[in-house]
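S.K.: Have a look at the structure that comes next, please.
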Amino acid sequence: MKKEQRFNPFVDLVHGKLNANGYAFSVDDAVSFENQPGEGTDAALSLVSILSLLKTGMRFAQSRYVIAAIVLTGAATTAYPAREANVRVTAAGYNLHLDGKPFAIKGMNYAPVPIGTAPGNVPFGDYFVPIYANVWKPDIDKIREAGVNVIKLYAGDPDLNAGAPGTAGNWKDFLDYCWNGGANPVYVVMFSFTRGDLIAKGGDELKAYKSQYQKMVKSTVKHPAVFGYIIGNEIFDGVTRNAQFWTNFGQLIDAAKAAGVSQGERPFLMSATKDDYTAANSWPAIKLGEQSGKLKNLDAWAINIYRGPELGGTGDPIFTQYLALMNKLHIKKPLILGEWGTPHTTRPAPGVYGQTATIPITNLDDVPESQMGTGQPYFAAVPVATFLTSQWNAIKANLGAGGNQVCVGGFIFDWCDEYYKAGNNYSQVGGPNAAFQSALFAGSYWDEAGFGITGAVDQSTYGSNKPNISRTLFKGYDAVKTFYNASSHTGAELYRPAIGRR
């Protein structure tokens, strides 16, 4: 082929530099119908193709289309091992890809704070180090068995545990165990605590947050178990209309991104807001944050949603509301449900059930289903398993909604009960919101200490030279194990091709 006939760089590459005898390409419909640049890492490329493209210096990641090239060199096909590096999570519009292939989050929030303490005490919620292997090893075993493919953490102490760049520090054993040699890995979303008011203040507090995320990302971004990082969980109250907050928050996100790039990786970054949607203001954090122009390196938004068994259903449709906001902002970032689920706790009936009360509480698992529903003592209650399954079905419905799909999955709240969240480190009590919530939750009460699909254990059982802990598995666990394992590990088949999306 003459040089003047090579009408684009890919033809030049295939017929020229590689001296190949043919090639094939296709347009990825997950990107091609979207008014934004594609992600080069979403391309389905052979290792030979990737290396060759990199050598040519092509900036194919900024192409409007994702080109999947298969280079035919006439030689026998070579099998390459799985890439031993970060999972390279990318977003292309509303689609989530892992190593270039569709991926749906079948997630679980993991904060194993035991009975008798709180995250404000040592080890400050960071139980993901070797001394607590008797906690996280049995937990991860059961999490993996339940079909969970990603966990999201609520703690991390980078100053103490990050170690040197590229080492994964004191988290390495935990991350290795989650990775499991690549067999049904449980990917991990890392976290370090921040406060919105201190980010807005700037100064030493902001410097400390930047330093902590830089240490965490540099340490762990290359570990194959690391899915990404969440920066800020429900930190936006009182700061959304503060322009300085968005400037500083953007700097924090940029610092985390740069830390990954310094290690040769692009970390996947998220932030979570509470579900404070109103028709007039949508979700203020998302709307005002994106309008600030400071969040170009934020890859996805997470919303912590508690809208009943259908996540709002047709009467209060989170997915439609999110799509409308993205269209108004002229952007496309995937929606992750940062928290969804239900407490397994309720109040005894007849008597307390239906009234405003934090005590006494009872486990809904112990209530016969025949006593639930209209005309029964637990007139607004449903089994936890039924409630969780309905929520997952709502998520699946959007995953498969084609042109209306915005959600890429989410994280059940919570793996285990956390007593401290209701204000009592030692006893499980209801509340702190004591109001009867009707059908908002399975047992009709918003009990922060009762969201676990497994039970809490005492802090005396945690630590070195102690046997593995053993948690009570509630009926919610069995439901999760059933519906998560009904799809493949990646959940890729849950998506329907988004052809013709506008």
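Just so it is clear, none of the values below were taken in a lab; they were calculated from the coordinates. Fair warning: this is a prediction, and the values are worked out from it, not measured in the lab. In this analysis, Cβ positions are derived from the backbone assuming ideal geometry, glycine residues included, and neighbour counts consider all displayed protein chains.
S.K.: Skipping prolines and chain starts, which residues have an amide H placed within reach, meaning under 5 Å, of the one on residue 488, given they are 5 or more residues away or on another chain?
M.R.: 493
S.K.: State whether segment 317-383 is rounded, prolate or oblate according to the following rule on the C-alpha gyration tensor (a ≥ b ≥ c being the square roots of its eigenvalues): a/c under 1.5 gives rounded; otherwise a/b larger than b/c gives prolate, and the remaining case gives oblate. Could you put the intermediate results ahead of the total?
M.R.: Numbers: a/c = 3.37, a/b = 3.00, b/c = 1.12.
Prolate shape, in that a/c is at least 1.5 and a/b is the bigger ratio.
S.K.: Right, here's the next one. Structure shown: which of 287/333; 218/274; 142/475; 274/296 lie over 18 Å apart, alpha-carbon to alpha-carbon? Kindly include the intermediate steps, with their values, before the conclusion.
M.R.: Numbers: 287/333 12 Å; 218/274 28 Å; 142/475 14 Å; 274/296 21 Å.
Pairs exceeding the cut-off: 218/274; 274/296.
S.K.: What is segment 344-450 by shape, rounded, prolate or oblate, if you read a ≥ b ≥ c off the alpha carbon gyration tensor as root eigenvalues and call it rounded for a/c under 1.5, prolate for a/b larger than b/c, and oblate otherwise?
M.R.: On the way: a/c = 2.51, a/b = 1.49, b/c = 1.69.
Oblate.
S.K.: With θ taken as phi - 60° and the coefficients 6.51, -1.76 and 1.60, list the Karplus ³J(HN,Hα) couplings across segment 301-315 in order, rounded to whole Hz; mark glycine and proline as x.
M.R.: 10, 10, 10, 8, 10, 9, 10, x, x, 10, 6, x, x, 7, x
S.K.: Do any of 328/421; 137/257; 152/481; 294/421 go past 27 Å between their Cα atoms, and which? Walk me through the intermediate numbers first.
M.R.: On the way: 328/421 37 Å; 137/257 30 Å; 152/481 18 Å; 294/421 33 Å.
Too far apart for the 27 Å limit: 328/421; 137/257; 294/421.
S.K.: Taking amide hydrogens as modeled 1.01 Å from N in the peptide plane, which residues meet the under 5 Å criterion relative to residue 302, leaving out close sequence neighbours?
M.R.: The list, which skips near neighbours in sequence, is 271, 272, 273, 336.
S.K.: Let me ask something additional. Arrange 337, 153 by Cβ neighbour counts within 10 Å, fewest through most, would you?
M.R.: Working: 337 28, 153 22.
Going from least to most buried by this count: 153, 337.
S.K.: Under the definition of Cα pairs under 8 Å and six or more residues apart, what whole-number percent is the relative contact order of segment 315-424? Intermediate values should be presented prior to the final figure.
M.R.: Values: 109 pairs, mean separation 36.8, N = 110.
So the answer I get is 33 percent.
S.K.: Same structure again: For segment 156-167, what does the Karplus curve 6.51 cos²θ - 1.76 cosθ + 1.60, with θ = phi - 60°, yield as ³J(HN,Hα) per residue in whole Hz, taken in order and with x for Gly and Pro?
M.R.: x, 10, x, 4, 8, 10, 5, x, 6, x, x, 9
S.K.: Roughly what would the spin-label model give for residue 470 and residue 296, points 7 Å off Cα along C-beta, in nm?
M.R.: Distance between label points: 5.6 nm.
S.K.: Please list, in order along segment 317-322, the HN-Hα scalar couplings obtained from phi with the Karplus expression 6.51 cos²θ - 1.76 cosθ + 1.60 (θ = phi - 60°), rounded to whole Hz, x for Gly and Pro.
M.R.: Per-residue couplings from phi come out as x, 4, 5, 5, 5, 5 Hz.
S.K.: Could you please state, rounded to a whole Å, how far the C-alpha centre of segment 301-333 is from the C-alpha centre of segment 207-240?
M.R.: 24 Å
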